Every structure is written in structure tokens, then in C-alpha cells.
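Enquirer: One structure coming up, written as C-alpha cells, with questions to follow.
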Amino acid sequence: MLYHDIYTLLKQSFSQKQDNSFVPELDITMSHYSFTSADAKQMLPGSDSLFCSKHDHAFDDVEPGGTGENTIVDVTDHEINENNSFKYTIVRKAGQERANGAIILLHGLNEKTWDKYLPWAYKLTQDTGKAVILFPIAFHMDRAPEVWSDRKLMFAVAEEREKRSRDNTQCSYVNAAISSRMDANPQRLFWSGMQTYSDIIRLADDIKANKVSEISSDASIDLFGYSIGSFLALIMMMGNPKNIFDNSRLFCFCGGMTIDRMFPVSRYIMDAHAAVTMQKSFAQFLSSNFATDGRLGHYQDTELHPEESWFKTMVRYNHFQKEREKRFGELATRIKAVVLEKDEVAPPAEALNTLQGGYRNIKVDVDIQDFNHPYTHMVPFPLTQKFKEEINASFEDTMKKAAAFLG
């Protein structure tokens with residue numbers, strides 16, 4: 001069965017409204033588990049209860065919880081119920097009593113559906129025998145309000161953003177919600193990542209406590225990160241909270257660089273104004289040692305938060321380079337990246353710069369590929385019949401590399 005056929009079959013079979021589904025043609029099951037994120041009120045902008053439980057410290061900072069644009073997107077983060085109670089999916093071989101290993105798959109920025117990741121999860125579980133956990137990043141997938149995907153409503157938001165700033169480009173209904181939110185409060189990049197970070201720690205705790213029926217309590221936990229998912233996964237590997245990732249491996253696909261060396265301006269990801277605002281803001285935070293944002297500075301203090309503060313080393317390439325490269329040197333044998341030669345969002349040279357270091361003396365394996373068919377960062381494996389054989393070969397080769405490393 002070729003990639004296009006696998007994709008179509010899995011898309012038709014996937015439904016989080018059911019507890020689980022069996023796909024006999026592929027001999028896999030897809031099970032959906034409810035999850036509640038416990039830390040939203042203490043963590044997310046707009047809350048009146050911002051609090052660090054580790055240090056028993058309340059924050060009085062006033063942070064914008066919405067966007068200030070008077071649109072459908074202008075809603076306070078911690079009050080978005082979909083983000084706090086949601087489902088994640090486990091894909092695994094049918095007939096297994098319990099999987100002895102798990103791979104947490106983290107998706108890209110501004111993703112709305114799991115469709116393109118379903119074949120990836122199928123191939124990974126088929127080739128490794130491990131369960132693949134499709135875990136949504138905060139405010140993505142079904143953790144986002146449905147209206148953020150409403151073409152008519154979001155078109156009006158995008159149109160307004162384009163009118164407000166003449167030099168704004170790549171505005172679209174697809175990226176209107178995330179662009180508005182990041183423009184209003186770029187720190188959301190950290191806080192949504194922090195919430196997801198906290199959620200994944202709880203997921204790992206659930207597995208170890210025998211609360212996930214399809215995965216053994218002593219299962220190994222590895223990571224597969226795509227695009228911004230690689231960014232988050234790298235920080236988790238660097239921080240290693242609760243020693244969860246002592247022996248874990250991470251496979252990065254179309255990612256692996258610092259945020260300032262990614263170029264997310266796209267009608268599918270983020271408009272130009274939001275991207276520039278985000279980059280400028282974090283450059284200023286780093287240059288001033290977070291003097292203008294006490295709460296963010298608290299979590300980026302290495303002594304106070306030695307795990308979460310690895311974030312600051314991954315924001316700009318020339319900041320904390322020595323610390324970042326030392327840590328990657330320690331993790332080198334447990335990280336592998338596959339990047340694409342024509343990727344304009346996540347350039348392969350920047351993956352080399354970040355993961356192998358400026359002097360190329362870090363032994364992280366960075367594999368640069370150039371598929372024998374048209375592709376983009378957003379769609380590495382297009383759904384076109386014209387190149388179906390070549391696309392299938394690229395898909396098989398990439399997932400085999402991932403499975404060999406993670407298996």
C-alpha cells in the first residue's frame with residue numbers, strides 16, 4: 001500500500017469521538033485518552049492566579065490575556081476550555097497486550113488536524129513495535145477553539161491585520177488566529193510550550209503509574225519532533241525533568257535549530273508582522289536579561305528553574321551558545337535529525353549550526369535529504385498521483401531512518 005492510500009485510509013478511520021478504532025488493513029488500533037491540563041490558571045496569560053508552585057511565589061504582573069483586537073480571537077488563554085481538557089491518541093499494533101516502549105510525536109506550528117501525521121505514526125509503530133502517542137501542543141489541534149479554523153470568521157481577522165499594517169504579508173485565514181495571538185503577546189511562545197512541557201511530564205507520570213492501559217509502566221519513552229515540535233522536544237531532552245528522558249532518544253524531522261534561525265512567515269504558519277514581533281521581543285528579553293518581564297525572567301533563571309530555563313538557550317543562536325553546545329555534546333548520541341535541502345522554513349544549514357555547533361565538533365547526526373519530487377516544509381510528502389512512487393519512497397526511507405534510530 002502506497003503512502004497516498006495509507007493516508008486516505010487512516011484519515012477515514014480517525015475519529016476522536018470513538019474510544020478506539022481498529023484498522024484491519026494495517027493491523028493497528030487508534031485509541032483516544034482524555035487528558036486534563038492542571039496548570040493553566042497558574043501559568044497562562046490573563047489569569048489572576050499566576051503562581052510558581054515550586055517556589056510558592058505569586059506574580060502580580062499584568063499580562064494581556066487576549067489580543068486587544070476586538071475580534072473572535074480576543075479571548076483569555078486560561079479560559080479556553082478546549083486547551084485544558086482534550087484527547088491524545090495512541091497508535092499501536094493490534095493484538096499487543098501492552099507496549100514496552102512509547103514514542104511521543106510532537107507536531108508543527110499552527111497545525112489543526114492530525115491527518116498528515118497518521119501515516120507517520122503507523123509506520124513508526126509498525127517498524128518499532130512501540131506505541132506512538134500523538135500529543136497536541138497547547139492551543140493546537142483540538143486544543144484550539146473551532147472558530148479559529150472557521151474560514152469566514154478568520155478571513156475577516158486576516159483582512160483586518162492586512163489593513164492595519166501595509167507592510168504585513170502572508171496574511172491568511174489559516175494563520176490569522178496564531179498571528180493575532182503572537183503579535184499581542186509573543187511570550188505565549190514560552191507559556192504554551194511550558195504548559196505542554198508540564199502536560200508531557202504528567203503523561204509520563206501516568207504511564208509510570210500504570211494509568212495508561214496500552215503502555216507498560218516501565219516502558220521506554222522516546223520523542224519524535226517535527227518543526228516546532230523538534231524545538232520543544234530538544235528543550236525537554238536538555239532539561240530532562242524528573243529524569244524522564246535519561247535514556248531517551250529524539251528524532252528531529254524538518255527542525256533542530258534555534259527559533260531565530262527558523263523562518264515561519266507563511267500563509268500556513270504565521271504572518272510577517274507576528275513573526276517580526278516575536279523575534280524582536282525575544283531579542284530584547286535576552287539582551288536585557290528579561291528585565292521587562294519578571295515572570296518570564298523567573299522561569300529563565302538557571303538557578304531557580306534549571307530545567308525550564310534551557311528555553312533561553314534555544315531562542316537566539318548567538319545567545320548562550322556555549323551552554324547549549326555543551327549540553328548537545330552530552331546528548332549527541334541520542335539525537336538524530338533529518339532535514340530537507342529545499343526547506344525554506346527550517347533551513348538545513350541552521351540545523352547543522354545548532355546541533356553540530358559552529359565548529360562542527362558535536363557528533364549529532366544531521367542527515368540532509370533532497371527528495372526526488374516537489375515538497376515543502378509544510379508538506380514533505382504531497383498527496384499527488386503524479387509522483388506517487390517517488391513520494392512513497394521518500395516517506396518509507398524517512399520513517400525507516402526514524403524507526404531504526406528510535407527502535
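Enquirer: Please tell me if N175 is polar (S, T, N, Q), in contact (Cβ under 8 Å) with a residue 60 or more places away in the chain and under 30 Å from C52 (Cα atoms).
Expert: Values: polar (S, T, N, Q): yes; in contact (Cβ under 8 Å) with a residue 60 or more places away in the chain: yes; under 30 Å from C52 (Cα atoms): no.
Here the answer is no, as N175 does not meet what is asked.
Enquirer: Is there a residue being open to solvent by 40 Å² or more (accessible area, probe 1.4 Å), outside any loop (DSSP other than H, G, I, E, B) and farther than 30 Å from Q385 by Cα anywhere in the stretch 15-22?
Expert: Checked the stretch 15-22: at least one residue is open to solvent by 40 Å² or more (accessible area, probe 1.4 Å), outside any loop (DSSP other than H, G, I, E, B) and farther than 30 Å from Q385 by Cα.
Enquirer: Return yes when P241 is touching a residue at least 24 places away in the same chain (Cβ under 8 Å) and in contact with a strand residue (DSSP E or B) (Cβ under 8 Å, 6 or more places away or on another chain) and no when it is not.
Expert: no
Enquirer: For the stretch 23-60: of the residues being aliphatic (A, V, I, L, M) and part of a helix (DSSP H, G or I), which is surrounded by the fewest Cβ atoms within 10 Å (Cβ to Cβ)? Steps first, please.
Expert: Step one: of the stretch 23-60, the residues aliphatic (A, V, I, L, M) are 23, 26, 28, 30, 38, 40, 43-44, 50, 58.
Next cut, part of a helix (DSSP H, G or I) only: 40, 43.
Working: A40: 23, M43: 25.
The qualifying residue surrounded by the fewest Cβ atoms within 10 Å (Cβ to Cβ) is A40.
Enquirer: Just to be sure, is T333 open to solvent by 40 Å² or more (accessible area, probe 1.4 Å), among the polar types (S, T, N, Q) and under 19 Å from T354 (Cβ atoms)?
Expert: yes
Enquirer: Can you tell me how many residues in the stretch 383-404 are open to solvent by 30 Å² or more (accessible area, probe 1.4 Å) and not acidic (D, E)?
Expert: Residues that pass the stated criteria total 10.
Enquirer: Can you give me the number of residues within the stretch 26-72 that are over 21 Å from the mean Cα position of the chain (by Cα) and either at pLDDT below 95 or not β-branched (V, I, T) (or both)?
Expert: Total meeting the criteria: 31.
Enquirer: Please enumerate the residues belonging to the stretch 329-361 that are assigned to a helix (DSSP H, G or I) and either in contact (Cβ under 8 Å) with a residue 40 or more places away in the chain or charged (D, E, K, R) (or both).
Expert: From the stretch 329-361, those assigned to a helix (DSSP H, G or I) are 329-334, 348-356; that's our starting set.
Result: E330, L331, R334, E350, A351, N353, T354, L355.
Enquirer: Looking only at the stretch 217-249, how many residues end up being open to solvent by 20 Å² or more (accessible area, probe 1.4 Å) and of a type in the set (S, T, Y)?
Expert: Residues that pass the stated criteria total 2.
Enquirer: Just need a number here: residues in the stretch 301-324 that are surrounded by 19 or more Cβ atoms within 10 Å (Cβ to Cβ) and more than 16 Å from F190 (Cβ to Cβ).
Expert: Adding up the residues that qualify gives 1.
Enquirer: Also: On the given criteria, is R98 open to solvent by 20 Å² or more (accessible area, probe 1.4 Å) and over 21 Å from the mean Cα position of the chain (by Cα)?
Expert: Here the answer is yes, as R98 does meet what is asked.
Residue-wise test of (1) of a type in the set (A, V, I, L, M, F, W, C); (2) closer than 18 Å to L124 by Cβ; (3) over 21 Å from the mean Cα position of the chain (by Cα).
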{"residue": "M314", "(1), (2), (3)": "yes, no, no"}
{"residue": "H319", "(1), (2), (3)": "no, no, yes"}
{"residue": "V339", "(1), (2), (3)": "yes, no, no"}
{"residue": "V345", "(1), (2), (3)": "yes, no, no"}
{"residue": "L355", "(1), (2), (3)": "yes, no, no"}
{"residue": "M378", "(1), (2), (3)": "yes, no, no"}
{"residue": "Q385", "(1), (2), (3)": "no, no, yes"}
{"residue": "K388", "(1), (2), (3)": "no, no, yes"}
{"residue": "A393", "(1), (2), (3)": "yes, yes, yes"}
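Enquirer: Also, quick follow-up: Being within 16 Å of the chain's Cα centre (by Cα), touching a residue at least 24 places away in the same chain (Cβ under 8 Å) and closer than 26 Å to A404 by Cβ is true for just one of I269, I228, I259. Which residue is that?
Expert: Sole residue among the options that is within 16 Å of the chain's Cα centre (by Cα), touching a residue at least 24 places away in the same chain (Cβ under 8 Å) and closer than 26 Å to A404 by Cβ: I228.
Matching residues to (1) over 25 Å from M43 (Cα atoms); (2) of a type in the set (D, E, K, R); (3) touching a helix residue (DSSP H, G or I) at 6+ places or on another chain (Cβ under 6 Å):
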position	(1), (2), (3)
F311	no, no, yes
K326	yes, yes, no
V339	yes, no, yes
E344	yes, yes, no
P348	yes, no, no
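Enquirer: Out of the residues in the stretch 296-326 meeting the condition of being among the β-branched types (V, I, T) and either part of a loop (DSSP other than H, G, I, E, B) or without any contact (Cβ under 8 Å) to a residue 24 or more places away in the chain (or both), tell me which one is nearest to H55 (Cα to Cα).
Expert: Per the criteria, the residue is T302.
Enquirer: Take the residues in the stretch 356-382 that are of a type in the set (A, V, I, L, M, F, W, C) and out of contact with any helix residue (DSSP H, G or I) (no Cβ under 6 Å at 6 or more places or on another chain); name whichever of them is surrounded by the most Cβ atoms within 10 Å (Cβ to Cβ).
Expert: Looking at the filtered set, the residue picked out is M378.
Enquirer: Then there is this: Could you figure out which of (1) touching a Leu at 6+ places or on another chain (Cβ under 8 Å); (2) part of a helix (DSSP H, G or I); (3) open to solvent by less than 60 Å² (accessible area, probe 1.4 Å) isn't true of V91?
Expert: (2)
The values are calculated or read from the model by the stated rules, or taken from the named source; none is laboratory data. If you're wondering where the values come from, they're calculated on a predicted model, not measured in any experiment. Ideal geometry is used to build each Cβ from the backbone, glycine not excepted, and the neighbour counts take in all protein chains shown. Surface areas here come from the heavy atoms of the whole protein model, side chains and all, with no ligands, DNA or RNA. Shrake-Rupley method; radii C 1.70, N 1.55, O 1.52, S 1.80 Å.
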